[in-house]
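This report refers to the structure that appears directly beneath it.
What follows is calculated from the coordinates using simple rules that are stated; it is not laboratory data. For clarity, every value in this text was computed on a predicted model and none was experimentally measured. FYI the Cβ positions are ideal-geometry reconstructions off the backbone, even for glycines, and counts take in every protein chain you see.
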Amino acid sequence: MHSSSPVSDWVLRWQHLLPARARVLDLACGSGRHVRYLAQQGHVVTAVDRDAQALAGLSDCATCVVADLEEGPWPLPGQGFDLVLVTNYLWRPLWPQILDSVVPGGWLLHETFAQGNAAYGRPARAQFLLAPGELLQVCAGWHIVAFEHGLLPQPMRVVQRVLARRPGGEVPPAPLLPLS
């Protein structure tokens with residue numbers, strides 16, 4: 001099974017900051033659009049989702065973990081990753097585990113729907129929409145490399161996204177801004 005959705009431009013914009021063979025965790029990865037892309041870049045990817053059928057199509061390029069992130073225990077206790085990636089998913093009770101899974105000097109790349117999205121489609125319920133600046137609050141004390149909140153086209157949606165670096169570790173060798 002291959003995803004027909006394109007890789008997020010947020011992932012494309014910042015993936016150059018990862019070290020070679022970075023350990024990547026993609027939470028609620030769905031059909032794996034980012035799993036496949038990051039594995040093709042040479043990274044070691046762990047894919048987590050509750051849909052075993054979707055994960056079965058990723059077993060050739062990632063370590064797959066079937067887990068219900070909302071009802072079950074945290075599936076990766078004590079494991080650390082250079083990048084924790086979360087796109088189009090929000091379950092606030094997981095914030096402590098998500099942040100703890102990023103190694104010192106590692107990255108959190110999070111992109112999901114925000115308040116105002118109801119005008120364009122789903123999700124529309126407040127519990128699944130980020131409040132203004134919520135990702136900045138979640139990452140308080142981390143180095144915020146990039147943050148955006150606003151309307152994106154095709155399909156129209158309101159999102160909030162952050163790239164944050166956990167304190168510690170070495171300074172990344174790559175420039176923080178992509179080269180043109």
Hey, can you tell me all the residues within segment 20-32 that are on the phi < 0 side of the Ramachandran plot and buried (at least 16 other Cβ atoms within 10 Å of the Cβ)? 22, 23, 24, 25, 26, 27, 29, 31
Those residues of segment 51-63 which are more than 16 Å from the chain's Cα centre (by Cα) and not hydroxyl-bearing (Ser, Thr, Tyr), in sequence order: 51, 52, 53, 54, 55, 56, 57, 58, 60, 61
Note on segment 81-140: residues surrounded by 18 or more Cβ atoms within 10 Å (Cβ to Cβ), among the small types (Gly, Ala, Ser) and closer than 23 Å to residue 45 by Cβ are 101, 106
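How many residues, within segment 134-148, are part of a loop (DSSP other than H, G, I, E, B), under 24 Å from residue 116 (Cα atoms) and in contact (Cβ under 8 Å) with a residue 24 or more places away in the chain?
The qualifying residues number 1.
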In segment 47-59, is there at least one residue being among the acidic types (Asp, Glu), touching a helix residue (DSSP H, G or I) at 6+ places or on another chain (Cβ under 9 Å) and over 25 Å from residue 169 (Cβ atoms)? yes
Restrict the check to segment 33-45 and report whether at least one residue is touching a Gly at 6+ places or on another chain (Cβ under 8 Å), under 27 Å from residue 159 (Cα atoms) and buried (at least 21 other Cβ atoms within 10 Å of the Cβ). no
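How many residues, within segment 1-29, are in contact with a helix residue (DSSP H, G or I) (Cβ under 6 Å, 6 or more places away or on another chain) and within 16 Å of residue 112 (Cβ to Cβ)? Reasoning before the result, please.
As a first pass, look at segment 1-29 and keep what is in contact with a helix residue (DSSP H, G or I) (Cβ under 6 Å, 6 or more places away or on another chain): 3, 5, 7, 11, 24, 26, 29.
Applying the additional criterion that residues be within 16 Å of residue 112 (Cβ to Cβ) yields 5, 7, 11, 26, 29.
Number of matching residues: 5.
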Does segment 149-174 hold any residues that are in contact with a helix residue (DSSP H, G or I) (Cβ under 7 Å, 6 or more places away or on another chain) and part of a strand (DSSP E or B), and which are they? 157, 158, 160, 161, 162, 163
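When residues of segment 109-123 are filtered for being within 16 Å of the chain's Cα centre (by Cα) and closer than 14 Å to residue 28 by Cβ, how many remain?
First pass over segment 109-123, keeping only residues within 16 Å of the chain's Cα centre (by Cα): 109-114.
Among the residues that remain, those that are also closer than 14 Å to residue 28 by Cβ are: 109-113.
Total meeting the criteria: 5.
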